[in-house]
Amino acid sequence: MPPASAPATRKPVSLPRLHEMHARGEKITMLTAYDATFAATADAAGVECVLVGDSLGMVCQGLSSTVGVSLETMRYHVESVTRGIRRVQGTAWVIGDLPFGSYHESKEQALRSATVLMQAGAHMVKLEGGGWTTETTRFLVERGIPVCAHLGLTPQTVHALGGYRVQGRGEAGETLKRHALELQDAGAALLVLEMTPAALSAEITQAMPRCATIGIGAGIDCAGQVLVLHDMLGMNLGKMPKFVHNFMADAGSVRGAMEAFVKAVKDGRFPVNEQHAW
C-alpha cells in the first residue's frame, strides 16, 4: 500500500526552519532511507530529515563497513530517495553522505563530489571527521552547499579507531569539543555526534547555538536524534547496537514505527541515557 500523504499543514523543511527548531528547543528527527518507498513513508510519518547514509553499504549491500561505498552508489540512492519524497508530500530535508575517499584529497574534490549529490537531489551533504575537515566545510558552505558534520565514532575510519567504540572519553573529549566548535564556525548547520558520552554531548550542544547536534548513542540532550532505519525496525544483520530501540515491536507497521520514533524524540522519551548512552 502506498504511504499516505503527510499532514497538509506541514511545510517543506528548509535550512531556516531547522535553525528555528533548534533555536526554540524543538527536537529534530532524522532517519536513514535508501529507496523511494521508505523515504516517502518517513516523510509522511513526519520525519524532518532523511539521511541517505553510506550505511547502505552494510544494510543494503552486505559489506562489513561503509568504506567500500562509491560516490556513484550514493548518487543512485540519493536520486531514488528524492524521487520517492517528491511523489508524496515533498517536505523532508534530504542529506547525502559523501562516501570514503570522495572528499579526502582536497577541497576541490569535495566540491566535485558534493555537486554530484546535490544535482541528484540532496539538500545537504554530510562528511565525517574534525580538524582537517574544517576548511573543507567552510569551502563548501561558502559555495552554497549546506553541510552536516559528523564527529565521535566516524564509521569511515573504523579501522583507525580500532572498531566501533565510544569516542570522546577523558582528554579526547576536549579535542572533540574543539573540533565541533571549529565546524560550527566554518558554517556547518548540523553535527551528528555518534557514540560520544552523554555528558560531553550535552556540553557540546549547549556550546553550539548555530549548529544543531543530532545524536546517535550520544544521549538525550542533543538537539535531535537519528537512527539507521533497519536498526529501528529490528532488522539488523548483526548485533543490535546499544543505542537502538526497536520501534517496530509495538507499532504494527513501518509507518507506525516511524511515527512512534518521531513522537518519542519530540516528547523527550528517546533516547534514555541509562539504556542507550554512555
* To do: Looking only at the range 111-154, count how many residues are of a type in the set (D, E) and surrounded by 18 or more Cβ atoms within 10 Å (Cβ to Cβ).
  => 1
* Structure fact -> In the range 126-157, anything outside any helix (DSSP H, G or I), within 15 Å of H104 (Cα to Cα) and over 13 Å from the mean Cα position of the chain (by Cα) is listed as G129, G130, G131, W132
* Structure fact -> Of the residues in the range 194-239 that are at pLDDT 95 or above and among the charged types (D, E, K, R), the one that is farthest from Y164 (Cα to Cα) is R210
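Going by what's in this entry, would A110 be described as closer than 23 Å to L161 by Cβ and in contact (Cβ under 8 Å) with a residue 12 or more places away in the chain?
The answer is yes for A110.
Among the residues of the range 171-199, what is the count of those that are among the small types (G, A, S) and not in a helix (DSSP H, G or I)? Explain how you work it out, then say what you get.
Here is the first cut: in the range 171-199, the ones among the small types (G, A, S) are 172-173, 180, 186-189, 198-199.
From the residues that got through so far, the ones that are not in a helix (DSSP H, G or I) too are 187-189.
Total meeting the criteria: 3.
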* To do: Just give me the residues in the range 97-122 being assigned to a loop (DSSP other than H, G, I, E, B) and touching a Ser or Thr at 6+ places or on another chain (Cβ under 8 Å), in sequence order.
  => L98, P99, F100, S102, Y103, A120, G121, A122
* **Within the range 237-270, tally of residues that are without any contact (Cβ under 8 Å) to a residue 24 or more places away in the chain and part of a loop (DSSP other than H, G, I, E, B)** => 13
* **Within the range 42-62, considering residues that are in a helix (DSSP H, G or I) and not small (G, A, S), the one surrounded by the most Cβ atoms within 10 Å (Cβ to Cβ)** => D43
* Asked: Mind checking which residues of the range 250-269 are farther than 16 Å from A42 by Cβ and either at pLDDT 95 or above or among the acidic types (D, E) (or both)?
  -> D250, D267, G268, R269
* To do: Inspect the range 249-264 for any residue being surrounded by fewer than 16 Cβ atoms within 10 Å (Cβ to Cβ), under 17 Å from I214 (Cα atoms) and under 20 Å from the mean Cα position of the chain (by Cα) and give the result as yes or no.
  => yes
* Asked: Which residues, counting only those in the range 63-85, are surrounded by fewer than 16 Cβ atoms within 10 Å (Cβ to Cβ) and closer than 22 Å to L15 by Cα?
  -> R83
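Would you confirm, using the coordinates I've provided, whether P197 is over 24 Å from V158 (Cα atoms) and either crowded, with 20+ Cβ neighbours inside 10 Å or not hydroxyl-bearing (S, T, Y) (or both)?
Values: over 24 Å from V158 (Cα atoms): no; either crowded, with 20+ Cβ neighbours inside 10 Å or not hydroxyl-bearing (S, T, Y) (or both): yes.
No: the conditions fail for P197.
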* Which of the residues that make up the range 63-93 are without any contact (Cβ under 8 Å) to a residue 40 or more places away in the chain and outside any helix (DSSP H, G or I)? -> L63, S64, G68, V69, S70
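For the structure I just gave you, tell me whether H245 is under 25 Å from A40 (Cα atoms) and either of a type outside the set (D, E) or touching a helix residue (DSSP H, G or I) at 6+ places or on another chain (Cβ under 7 Å) (or both).
yes
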* Asked: Which one of the conditions (1) modelled with pLDDT of 95 or more; (2) exposed (fewer than 14 other Cβ atoms within 10 Å of the Cβ) does G162 fail to meet, given that it meets all the rest?
  -> (1)
* Structure fact -> Within the range 212-227, residues in contact with a His (Cβ under 6 Å, 6 or more places away or on another chain) and in a strand (DSSP E or B) come out as A212
* To do: Within the range 92-110, track down each residue that is surrounded by 20 or more Cβ atoms within 10 Å (Cβ to Cβ) and either hydroxyl-bearing (S, T, Y) or farther than 25 Å from L151 by Cβ (or both).
  => S102, Y103
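The values are calculated or read from the model by the stated rules, or taken from the named source; none is laboratory data. This one's a predicted model, so the numbers in the text were calculated from it and none came from an experiment. Positions of Cβ are generated from backbone atoms using ideal geometry, with glycine treated the same way; all protein chains shown enter the neighbour counts.
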